1. Can you compute the helix-only [θ] at 222 nm over the chain? Use -39500 (n - 2.57) per DSSP H run of at least 4 residues, normalise by all residues, nearest 500 deg cm²/dmol.
2. Based on Cα coordinates alone, diagonalise the gyration tensor for the stretch 279-401, multiply each eigenvalue by 5, take square roots, and list the semi-axes in whole Å, largest first.
3. Could you work out the mean projected area of the convex hull around the alpha carbons of the stretch 117-157, in square nanometres to one decimal?
4. Please compute the Kirkwood hydrodynamic radius of the stretch 179-234 from all pairs of different C-alpha atoms, in Å with one decimal.
5. Can you check what the net charge comes to around Gly274, using other residues whose Cβ is under 15 Å from the Cβ of Gly274 (Lys, Arg +1; Asp, Glu -1)?
6. For the stretch 358-398, build the convex hull from the C-alpha positions and give me its volume per residue in Å³.
7. Roughly how far apart, in whole Å, are the Cα centres of the stretch 80-143 and the stretch 233-271?
8. Tell me which residues come under 5 Å, amide H to amide H, from Ala254 once H is placed; ignore anything under 5 positions away on its chain.
Amino acid sequence: MILQEVNGSKLVYLDNAATSQKPTAVLRAIQTYYEAYNSNVHRGIHYLSAKATEEYELARKKIATFINASDSSEIVFTRNATEAINLVAYSWGLQNLKADDEIVLTIAEHHSAIVPWQFVAQKTGAVLKFVSLNQDEVPDIDMLKKLLSTRTKLVVVHHVSNVLASVLPVEDIVIWAHDVGAKVLVDACQSVPHMAVDVQNLDADFLVASSHKMCGPTGVGFLYGKSDILSSMPPFLGGGEMISDVFLDHSTYAEPPSRFEAGTPAIGEAVGLGAAIDYLSAISMQRIHDYEVDLANYLYESLRSVPNVRIYGPVPSENVRRAALCSFNIESIHPTDIATFLDQQHGVAIRSGHHCAQPLHRSLGISASARVSLYLYNTKEDVDYFIHALNDTVNFFNSFK
């Protein structure tokens, strides 16, 4: 995939915060499922169904081990992280929130971590409280701490920002939230693929992530929830698999995670995610993280050399580590023009737009930015080529001034 040519140039794929490329092992695992044991899971007693069920549940166990959940029953398969957040919003949120209860979020959250809670607030009368950025262009943790009170029932935070590349002190946030009796939901879409994440160490009540950003297929993600909380939550969707018994006038429901997995799941995709976890684990998440920290610093310093560039988020230092991505603008050139020229003239794939973070962009005084984001298969040579191509792009557009 990444060895192909695009528009006459070698493809340099630098859009990993949007989705990652897939290792051959993942593609083979999906193909093997469909070729060798394609069948519906759970209720069948024949060989194919038993084999599909075994591999599907093995994928759940792999996720639990990967993030150090205490039991695989704490892992709920969803279509993606967005559905996982909506599951919590509709099941836990509508049951537990009432008028004047407060939900604390940051303005740097992805739309998928804001919009579901707007729905819940409209239905329940709960109030959303937003943490703004500090002078370092990261969410103001002191402000977050001050916003917490006995009215706070939920804190929703990202682990790593998909725009700012900043990393939040989730362990501290969880302690502060629990001190006032609030639950915490962590959007870990940009952390689980890039570093070791230990949910027991974080002590978050909920955590969501998406397969396609961590070398797995699209169409599957997961929700981690503490078992006692999941057991107290009503179903999100109704149908097959999530029931215990169905009568004409009522139904009883299965225990988690089945309670939240109505209908035929994305079996092949779950198997593919399991293979992706095997792939990442064989390399070691610590090794991946260390490699990307070095790559992140190289990207930031290289990008800083481009004339009239504005990079958003914190400046890296001994105490401040950025994720391996940079959102940026260049004076007088629209980010979409930058992304288009890079693609058509140099085969470099980056992203432009608001990155599903419009409130954050408004707070930065912009409507859009360009974003380059790296993963374990990117190299410093990729960064060098990108910088060369970006300088050529800047020179091209400046020639019309």
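Please treat every number below as a calculation from the coordinates, not as lab data. Quantities reported herein were computed from a predicted structural model and do not represent experimental measurements. Reconstructed Cβ throughout: ideal geometry from the backbone, glycine too, with neighbour counts over all protein chains shown.
1. Mean residue ellipticity, 222 nm, calculated: -11500 deg cm²/dmol.
2. Semi-axes, largest first: 25, 17, 14 Å.
3. Projected over every direction and averaged, the Cα hull of the stretch 117-157 covers 3.2 nm².
4. 12.3
5. +1
6. Convex hull of Cα atoms, per residue: 92 Å³.
7. 26
8. Under 5 Å from the amide H of Ala254 lie the amide H atoms of Ile243, Ser244, each far enough along the sequence or on another chain.
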